[in-house]
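The values are calculated or read from the model by the stated rules, or taken from the named source; none is laboratory data. Note that the coordinates shown come from a computational prediction; the quantities given were computed from them, not determined experimentally. Cβ placement follows ideal geometry from the backbone for every residue including glycine, while neighbour counts extend to all protein chains displayed. The accessibility values were calculated without ligands, DNA or RNA, using every heavy atom of the protein model including side chains. Shrake-Rupley method; radii C 1.70, N 1.55, O 1.52, S 1.80 Å.
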Amino acid sequence: MKTFPLFNKSSAFDGIYLVFMLSRLQMLYYMLIMPTILVDPYMIWVIILVGAVSQLILIMISKWFSSEFAAKGYLGFVELFGERTVRILAFLGLGLILLKLSVHLLGYVEIVHQFIFFSMKPSWLIFFVLLISCYIASKGVENTIRYSVIAFLCTIWMLFLFIPFYTPPIAFLHDLYPLIPTEWSGQSWRGLLLIMASFSGAEYVLFLSPWFKRDKKTVKYFSVANGITIFEYVFLFIASLLFYGANYLSKSSYPLVNMVRYLQSPLFERIDMIVIAMFLIHFSFAIGLLLLLLYGGVRIAGGNQNQPTRIGFAACAIVVFITMIIMNELLWKDHSRQTKLIDLQMWIGAATYLLVPVVLLAALKRKGRT
Amino acid sequence: MMICLVLFLGGCSPFMESHLTENNLIEEIAPVIFWSVNKGEEGKLKVSTLVPPLTDEKKRLNTLEVDLLKQGEKGFNLTYYREVKTGQLRMMLINEEVAKDGLLPVITTLLVDTDVSQRLYLVIVKGDFEEYMSKQIEKQENLDYFIYRMLKHYEDDKGEITVINLHQFKNYLYSPFLDPLLPVFKIEEDKFMYEGTAFFNDDKFVANVNGIEDNIVQLLATNNYLDLLPLPEQSVTLGHVQANVDTKLNDLSSISIKVKLNGSIDEYRGDKDIHDYSTIKEINKEAKVYLEKKTKEVLKQFQEWKVDPLHFGTLTLKPFEKKMDHEEWMKHWEDMEIDVEYELEFEPLTNIDTNDGDHLTH
């Protein structure tokens, strides 16, 4: 049987790919619902503040990138924690990856369903999005990393679409007042959590460290990606505040998509359709990467040291598909359960982003001493 | 493009939810461009629209009396062989009687419908639009489309009428400091004409202003520009009037508004000598006094009606202070002292003899 070179390493990637990858992984489904949850103008500062915290975490992760264990990949983890612990951690990780994957996939599918294919069965949409993601993932880790460039270029231009919202007659400075928090409620905490979860993503990138060159500039690339993300979040959030005002923002679902819909083009009336279609490239990259991590995790948890096989990967994808269909039926369709699922992912996303690098660095320190 | 897409999807029936399959064949649908809502008998709504909007068939007005807005849409489908679609809905003409009871139910229905664009224009109508439409449609076939083009024109090219779309209205409605405003059109025999700007207390239509008062509202708030500003009492028409408005809130008991108008004198029909510099100065002064008086009157009326359509409430917003709520602001606004000052600056007259008119008489 022909080999299935899913996890091959032919050459080490330059750090610039980290910029594309990280900045796309930090801008997923949460970007689209963020203004609805943040609502108040002072959250601009919170985004910047959390961005700074994220920068500290990224410095930690770049320390990991430059350690000798990182270059060894799986064996490095085994050296650090022992095989048994690694297998247990990988098993736990499967659940986390599946949860992240489900929120972003189902969230995207719901947007497609609501704005473009209203009468199509969501299950088919899940099928198609997963199919595309599987195709990308099946090309291997290397190609998926390369694909991040396409994902980046296909979505970054959308920022230009939001410039009109910064000009009169839409923009009034007073829509951004008051700029300081006058009260801090449970909703504000939820916003903080959401921002933290939105900035996560690098904790998945660190498992790809063997594919990258080991150099001292990693932290620079991470900082650029983080900077782009902070700018994008602040830019989009201010645009939505100017367009809706703080009072209506909480009532609007998917404010950014609705804003794009408000734009008029003489050629094509529904620009939102193009934008949502472009997001498919972005989301299929993220989902493809998560699928690869999931398959890798399954193999580690199962203690399988053989070459990856097509059948194994396909089986993994089918399990994911079935899980997604069930989650969609049971959890996503019910609005209150959907909110709970999103909240759960917010907690877990924020927690993993904080904990994973800390645990890794602690393990590195301990190893360094003994 | 859309139609191709929809046709393509229509063909792929296994992908569709069977009970939701939409058939958007252009021959079988009627994408209407306006709804008109009027008050019917016994609390009912009278909903009407013009069909067919696209093909060469003879147009006719469909009117139904219903309890709910969407019931009208359903009702049309039962009486008309094409299916009515709201994807191209561009205007909502609401009768003043309906608006007096509150627009919130209508607005909510529109906001919920994902087919309806946020750029939908909202218009208040005085008079029986259905009757006017059914009479006029014999003479002007594309009347509905013309009305839409008119609103669209003045949305892009400011200077004559107030144009507000669904998105703006909804933002005004939900904000504590922005009271909504809408254009008012009235029907006079066979004319459908712009009358002025309507003001709302929450979602309820309170009153409207017209003529010079409407012009002042446009200069101060909606457009800051007027193509023509006729002042009949001074026998003068000002053209290309640009307004720079500087509003200051001195604590919460008084407000001072300074308006600087730039433009040109386009017409003079008085009996003074227009070529004389001092005459122009005099006209200037008269216009200033007149505008100041009128503006004060308009603002006094707003205070009486308890509306703040010029959005002075936004002046209370400060970067480092807590927001006031709507009630608190209204309390302050109601007995606020208003100070208005105009400053008029008009370009010298051109293309005419500025010395004297003597050689014309020879």
Inset, instruction - Report the residue, chosen from B:145, B:277, B:268, that carries the largest GNM mean-square fluctuation when chain B is represented by alpha-carbon nodes joined by springs under 10 Å. - result: B:277
Inset, instruction - Counting other Cβ atoms within 10 Å, keep those with at most 16, restrict to DSSP loop, and tell me which GluC sites (Glu not before Pro) in region B:157-233 are left. - result: B:189
Legend entry - Label-zone membership for region A:158-197, site residue A:351, 7 angstrom Cα→C-beta point, backbone N under 14 Å: A:197
Inset, instruction - For residue B:251 and residue B:279, calculate 0.36 nm times their separation in residues minus their Cα-Cα distance, and state this gained length in nm to one decimal. - result: 6.1 nm
Inset, instruction - First check a/c for region A:292-370, with a ≥ b ≥ c the square roots of the eigenvalues of its C-alpha gyration tensor; if it is under 1.5, answer rounded, and if not, answer prolate when a/b is larger than b/c or oblate otherwise. - result: oblate
Inset, instruction - Give the carbon-plus-sulfur fraction of the accessible surface of the protein assembly as shown in %, rounded to a whole number; probe 1.4 Å, heavy atoms of protein chains only. - result: 59 percent
Legend entry - Accessible-area order (highest first, 1.4 angstrom probe) of the listed residues B:252, A:267, B:219: A:267, B:252, B:219
Legend entry - Sites residue B:202 and residue B:108, calculated FRET efficiency, Cβ-Cβ separation with R0 22 Å, nearest 0.05: 0.95
Legend entry - Drop in accessible area of at least 30 Å² in the complex versus isolated chain, residues of region B:291-334, 1.4 Å probe: B:314, B:317, B:319, B:320, B:322, B:323
Legend entry - Where a label projected 7 Å from the Cα of residue B:328 along Cα→Cβ would reach, residues of region B:155-183 with amide N under 18 Å: B:175-179
Legend entry - Anchor residue B:258: lysines whose Cα lies under 17 Å away (excluding residues fewer than 8 positions away in-chain): B:248, B:285, B:288, B:293, B:294, B:296, B:300
Inset, instruction - State the Cα centre-to-centre distance between region B:81-156 and region A:224-239 in whole Å. - result: 39 Å
Inset, instruction - Calculate for chain A the 222 nm mean residue ellipticity that helices alone would give, adding -39,500 (n - 2.57) per DSSP H run of length 4 or more and normalising by residue count, nearest 500 deg cm²/dmol. - result: -24500 deg cm²/dmol
Inset, instruction - Could you check how many percent of all C-alpha pairs in chain B are farther apart than 29 Å? - result: 52 percent
Legend entry - Sequence-separation-based contact order of chain B, relative, with Cα cut under 8 Å and 6+ spacing, percent: 12 percent
Inset, instruction - Evaluate region B:22-210: find the radius of gyration of its Cα atoms, find its Kirkwood radius, and give the ratio Rg to Rh. - result: 0.94
Legend entry - Viscosity 1.306 mPa s, 10 °C: Kirkwood-radius Stokes-Einstein D of the protein assembly as shown over Cα pairs, µm²/s: 53 µm²/s
Inset, instruction - Sort region A:16-361 into rounded, prolate or oblate with this rule: let a ≥ b ≥ c be the square roots of the eigenvalues of the Cα gyration tensor; rounded if a/c is under 1.5, and if a/c is not under 1.5, prolate when a/b is larger than b/c, oblate otherwise. - result: prolate
Legend entry - Nearby aspartates and glutamates by direct alpha-carbon distance to residue B:272 (threshold 19 angstrom, same-chain neighbours under 8 apart not counted): B:233, B:282, B:286, B:347, B:353, B:356, B:358
Inset, instruction - At most 10 other Cβ atoms within 10 Å plus a DSSP loop assignment makes a site exposed; report the longest stretch of chain A without any exposed trypsin sites (Lys or Arg not before Pro). - result: A:3-215
Inset, instruction - Tell me the chymotrypsin sites (Phe, Trp or Tyr not before Pro) within region B:278-322 that lie in a loop according to DSSP and have at most 12 other beta-carbon atoms within 10 Å. - result: B:320
Inset, instruction - Provide the net charge surrounding residue A:72, with neighbours chosen by a C-beta distance below 14 Å and charges set as Lys +1, Arg +1, Asp -1, Glu -1. - result: 0
Legend entry - Net +/- balance of residues flanking residue B:237 in space, Cβ distance below 9 Å, scoring K and R +1, D and E -1: -1
Legend entry - DSSP H segments from chain A that extend 18 Å or more along their own axis, Cα-based, with Kyte-Doolittle mean of -0.5 or above: A:43-66, A:83-115, A:122-138, A:141-156, A:186-199, A:218-249, A:271-301, A:310-327, A:335-369
Inset, instruction - Classify region B:170-295 as rounded, prolate or oblate from the Cα gyration tensor: take a ≥ b ≥ c as the square roots of its eigenvalues, call it rounded if a/c is under 1.5, otherwise prolate when a/b beats b/c and oblate if not. - result: oblate
Inset, instruction - Quick one: divide the alpha-carbon radius of gyration of region B:223-362 by 2.2 N^0.38 Å and tell me what you get. - result: 1.36
Inset, instruction - Note down the net charge around residue B:336, summing +1 for each Lys or Arg and -1 for each Asp or Glu among other residues with Cβ under 11 Å from its Cβ. - result: -4
Inset, instruction - Hand me the trypsin sites (Lys or Arg not before Pro) from region B:96-182 located in a DSSP loop with no more than 10 other Cβ atoms within 10 Å, in residue order please. - result: B:139
Legend entry - Interface B:A - total buried accessible surface [probe 1.4 Å, Å², rounded to 100]: 3000 Å²
Inset, instruction - Name the long-range amide H neighbours of residue B:40: under 5 Å, sequence gap of 5 or more, or other chain; modelled H, no Pro or chain starts. - result: B:45, B:46
Inset, instruction - Would you list the P(r) distribution for region A:179-281, with all Cα-Cα distances sorted into 5 Å bins from 0 and each bin expressed as a whole %? - result: 2, 9, 12, 18, 18, 14, 11, 9, 6, 2
Legend entry - Residues in region A:239-276 occluded by at least 20 Å² - accessible area, probe radius 1.4 Å, against chain by itself: A:243, A:244, A:247, A:248, A:251, A:261, A:262, A:264, A:268, A:269, A:273
Legend entry - Cβ-Cβ FRET estimate between residue A:264 and residue A:309, R0 fixed at 45 Å, reported to 0.05: 0.30
